[in-house]
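Working notes, beginning with the structure itself.
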Amino acid sequence: MKTLMISACLLGVSCRYDGAAKPVDECMRLAEEAFLVPFCPEQLGGLPTPRPAAGIRGGDGADVLAGRAGVFRIEDGADVTRAFVRGAEEALRIAETVGADGFVLKGGSPSCGWGRVRGVCAALAAARGYEIREYA
């Protein structure tokens, strides 16, 4: 059986920046075929729930990891880059510990996005060779 790291909000955990969840039925059914390890990189990085919305400035998640871009709160411009990087590193540490085969991530997130938004955690997982699936 595969082991998948999964954005906790996709399983109904209220951990998004706005304190909500984004449960996806298809993600819930993944438990029938894989061992799921729910996580929230923003919480792992020390950010509270709820928390002010944030976005990447100056590039994407890979640029943040390389120090060429940052993550900033939208409401006041406060720099939260360190928390996002720390959360991504903790998520990857967990993935390595449990022998994860891949990541199932929440699209549009500055942490987990993989499509139009390339988040920090997603970029680190990809750089380490993990397969990534994204759900909106």
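Please give the net charge around CYS9, taking every other residue with its beta carbon less than 11 angstrom from that of CYS9, where Lys and Arg add +1 and Asp and Glu add -1. The partial results should precede the final answer.
Values: positive: ARG16, LYS22, LYS106; negative: ASP18, GLU42.
Cβ neighbours under 11 Å give a net charge of +1.
Positive end of the dipole of the chain, charges at C-beta (+1 Lys, Arg; -1 Asp, Glu), about the Cα centre: which of GLN43, LEU92, VAL64 has its Cα farthest in that direction?
Going by the Cα projections, it comes out as VAL64.
Provide the gained length on full extension for the span ARG128 to VAL98, in nm with one decimal, where the gain is 0.36 nm per separating residue minus the Cα-Cα distance.
9.3 nm
Using r as the Cβ-Cβ distance of MET28 and ALA78, and R0 as 22 Å, what FRET efficiency do you calculate, to the nearest 0.05? Before the final figure, lay out each step's value.
Working: r = 35 Å, r/R0 = 1.57.
After rounding to 0.05, the efficiency reads 0.05.
If you take every DSSP beta bridge fully contained in the chain, what fraction is antiparallel? Give it as a percent rounded to 5.
DSSP beta bridges in the chain are roughly 25 percent antiparallel.
Amide H of ARG133: which non-local residues (sequence gap of 5 or more, or other chain) have their own amide H closer than 5 Å, using H built in the peptide plane?
It is PHE103, VAL104, LEU105, by chain and number.
For mean projected area of the Cα convex hull in nm², the choices are (i) 10.3; (ii) 7.2; (iii) 9.5; which was calculated from the structure?
Correct label, based on the coordinates given: (ii).
Would you mind checking which residues have amide H under 5 Å from VAL117's amide H? H placed 1.01 Å from N; only 5 or more apart, or other chain.
It is GLY108, by chain and number.
Hey, if you put +1 on the Cβ of every Lys and Arg and -1 on every Asp and Glu Cβ in the chain, which of ILE6, GLY55, ALA78 ends up farthest toward the positive end of that dipole?
Comparing the listed Cα positions along the dipole, ALA78 ranks first.
Would you tally the net charge around ARG118, using a Cβ to Cβ cut-off of less than 9 Å, leaving ARG118 out, and scoring K and R as +1, D and E as -1?
Values: positive: ARG116; negative: ASP60, ASP63.
That works out to -1.
Which of these, GLY70, GLY55, GLY99, has the largest mean-square fluctuation under a Gaussian network model of the chain (Cα springs below 10 Å)?
Per the Cα network of the chain with a 10 Å cutoff, GLY99 tops the list.
What area, in nm² and to one decimal, does the C-alpha convex hull of the stretch 1-73 cast on average over all directions? Before the final figure, lay out the partial values.
Numbers: hull surface 22.3 nm².
Mean shadow area of the hull around the Cα atoms is 5.6 nm².
Through the Karplus equation 6.51 cos²θ - 1.76 cosθ + 1.60, θ set to phi - 60°, convert the phi angles of the stretch 94-102 into ³J(HN,Hα) values in whole Hz; use x for Gly and Pro.
5, 4, 5, 5, 8, x, 4, 9, x
Over the stretch 63-136, one equal point on each Cα, no solvent: what is log10 I(q)/I(0) by the Debye formula at q = 0.26 Å⁻¹?
-1.24
Could you work out [θ]222 nm for the chain from helices alone, using -39500 (n - 2.57) per DSSP H run of at least four and dividing by all its residues? Round to the nearest 500 deg cm²/dmol.
-8000 deg cm²/dmol
Grab the other residues whose beta carbon is less than 14 angstrom from that of ALA20, score K and R as +1, D and E as -1, and report the net.
Neighbourhood net charge equals +2.
Can you give me the Cα centroid spacing of the stretch 75-111 and the stretch 24-45 in angstrom?
With the stretch 75-111 and the stretch 24-45 each reduced to a Cα centre, they are spaced 13 Å.
Bear in mind these aren't lab numbers, they're just calculated from the coordinates by the rules spelled out. Values in this document were obtained by computation on a predicted structure and should not be read as measured data. Methodologically, a virtual Cβ is constructed for each residue, glycine included, from the backbone with ideal geometry; neighbour enumeration extends over all protein chains shown.
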